[in-house]
Amino acid sequence: MTARYDVAVIGAGVFGAWTAHALRQSGKRVVVVDAYGPANSRASSGGETRITRMAYGDDEIYSRWAFESLPEWRALEQRSGRQLFFETGVLTFSDANTNWVQKSVEVIHKIGGEAELLSHDECRHRYPQIGFKPSEIAVFEPRSGALLARHAINLLVEELIRNGCEYRQQSISSPEDAFRLNAEQYVFACGAWLPKLFPDILGPHITPIRAEIFFLGVPPNTPAFDPPQMPTWIFMGNENWDAYGMPSLENRGFKLAVDLIKQPADPDTMDRQPTAPYVAQMREFVRERFPLLADAPIVETRVCQYENTPTHHYLVDHHPRWENIWLVGGGSGHGFKNGPALGKYVADAITKHAPLEPLLRLP
């Protein structure tokens with residue numbers, strides 16, 4: 001029987017939507033399916049804002065993808081007429097002894113991006129509202145910043161539909177269930193649902209982890225926490241991001257998350273209210289790092305999940321049994337920014353048989 005579609009994409013989050021975009025640009029007949037809707041509140045791509053930055057130590061593939069992806073986000077912004085990117089700059093600070101900051105600056109310069117290496121004294125002088133430890137230095141990316149996540153994905157899916165993609169809000173319970181879509185190729189880009197759909201293969205490889213995000217009310221007449229005085233920021237502990245946040249955008253408050261607690265998450269059934277351990281962890285971090293906000297009220301919260309791989313690398317590979325099934329996920333809390341580049345990478349693998357990056361394949 002002749003296939004109705006060239007490719008069915010299961011998942012309308014950032015990886016699925018940008019993969020569908022690249023496939024459609026190559027002329028493929030594409031259907032996109034999502035159980036709850038594009039960038040819904042259960043999805044890792046849901047929520048107000050996500051960071052785009054190039055600092056990744058010596059993991060050049062992610063730095064390069066971020067560098068290549070930002071113009072695509074800006075192009076979507078221009079096509080939609082809706083601001084989607086805030087050029088706040090991104091400050092990433094870490095212990096100088098790890099050499100992570102120094103490696104990040106070298107790689108960013110190598111790929112053609114802009115970055116400054118800030119000493120401890122320069123960090124304290126430029127950002128007195130942040131509590132830096134004596135051993136810490138930072139990389140500052142002036143052209144990076146924050147993306148409006150939910151708005152961007154919704155606009156992208158609307159554009160896909162206008163450009164000839166079909167969209168269905170429909171739950172897919174298994175690979176065999178997806179085959180009813182009648183496509184030649186299937187891309188499963190469904191984030192935290194991947195280990196549910198492929199428990200034997202991905203159950204040990206992708207672990208959904210709970211994340212609690214807080215917005216603190218900044219006192220009036222306190223410009224130190226608004227852009228440009230306050231950049232988007234990331235704290236890297238032991239070469240893995242332990243906390244991140246951004247200045248008050250769209251008057252929502254000072255956003256931050258601290259990622260030291262590791263609680264499992266079920267994207268379908270997880271209660272999405274903040275919990276006392278996460279609140280206490282956040283308060284402790286704020287007292288140490290942003291003392292002027294130690295008593296700031298919580299004005300909004302969000303609860304989502306990361307779908308972490310053991311290495312925190314993304315996953316792009318064939319299913320071991322079905323050659324026409326592609327497994328695309330493992331965003332591990334840092335995938336949103338790279339959606340455009342990853343989507344093109346997946347589309348090239350499907351349409352041009354481009355070689356797969358070993359770093360992103362199943363072990």
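None of the figures in this text is laboratory data; all of them are computed from the coordinates on show. Here the structure is a predicted model, which is why all the values come from computation and not from measurement. Cβ coordinates were reconstructed from backbone atoms using ideal geometry, including for glycine residues, and neighbour counts include every protein chain displayed.
Overview of values
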| read-out | value |
| --- | --- |
| Sparsely packed GluC sites (Glu not before Pro) within the stretch 246-340, loop by DSSP, other Cβ within 10 Å at most 15 | 250, 323 |
| Selection from 245, 308, 188, by position along the positive dipole direction of the chain (Cβ) | 188 |
| Potential extension, residue 25-residue 251 segment - 0.36 nm per residue separation minus Cα distance | 77.7 nm |
| Gain upon complete extension [residue 229, residue 298; 0.36 nm per residue less C-alpha separation] | 22.7 nm |
| Folded to 0 to 90 degrees: helix 100-111 orientation relative to the chain principal axis, Cα | 60 degrees |
| In order through the stretch 326-334: 3J(HN,Hα) via Karplus (6.51 cos²θ - 1.76 cosθ + 1.60), integer Hz, x for Gly, Pro | 10, 9, 9, x, x, x, 6, x, 9 |
| Rounded to the nearest 20 debye, dipole of the chain from Cβ charges on Lys, Arg, Asp, Glu | 680 debye |
| Residue order, fewest to most surrounding Cβ atoms within 10 angstrom, among 332, 248, 94 | 248, 332, 94 |
| Residue pairs, from the table 28/337; 110/337; 110/133; 103/337; 196/337, whose Cα atoms sit over 27 Å apart | 110/133 |
| R0 of 35 Å, Cβ-Cβ distance residue 106-residue 170: FRET efficiency to nearest 0.05 | 0.15 |
| Cα lying deepest toward the dipole's positive end in the chain, options 88, 120, 134, charges on Cβ | 88 |
| Residues listed by number, the stretch 122-161, amide nitrogen under 16 Å from residue 116 label point at 7 Å toward C-beta | 122-130, 137-145 |
| Net lengthening on full extension, residue 287/residue 221 (0.36 nm per residue, minus Cα-Cα) | 21.7 nm |
| Cross-link partners of residue 352 among aspartates and glutamates (Cα-Cα below 20 Å; sequence separation of 8 or more within a chain) | 6, 68, 184, 317, 323 |
| Label-point separation in nm, residue 271 to residue 3, each point 7 Å along Cα→Cβ | 4.4 nm |
| Positive dipole terminus of the stretch 270-363, leading residue within 342, 325, 298 (C-beta point charges) | 342 |
| Rg ratio (alpha-carbon, reference 2.2 N^0.38 Å) - the chain | 0.98 |
| Unit charges on C-beta of K, R, D, E only; dipole of the stretch 30-119, Debye | 300 debye |
| Computed helical MRE - 222 nm, the chain, DSSP H runs ≥ 4 contributing -39500 (n - 2.57), nearest 500 | -8500 deg cm²/dmol |
| The stretch 1-51, dipole about Cα centre (Lys/Arg Cβ +1, Asp/Glu Cβ -1), debye to the nearest 20 | 140 debye |
| In the stretch 313-363, the chymotrypsin sites (Phe, Trp or Tyr not before Pro) that fall in loop regions by DSSP, at most 15 other Cβ within 10 Å | 322 |
| Loop sites in the stretch 323-352: trypsin sites (Lys or Arg not before Pro), DSSP, at most 15 other Cβ within 10 Å | 352 |
| FRET efficiency for residue 78 and residue 58, using Cβ-Cβ distance with R0 set to 25 Å, rounded to 0.05 | 0.15 |
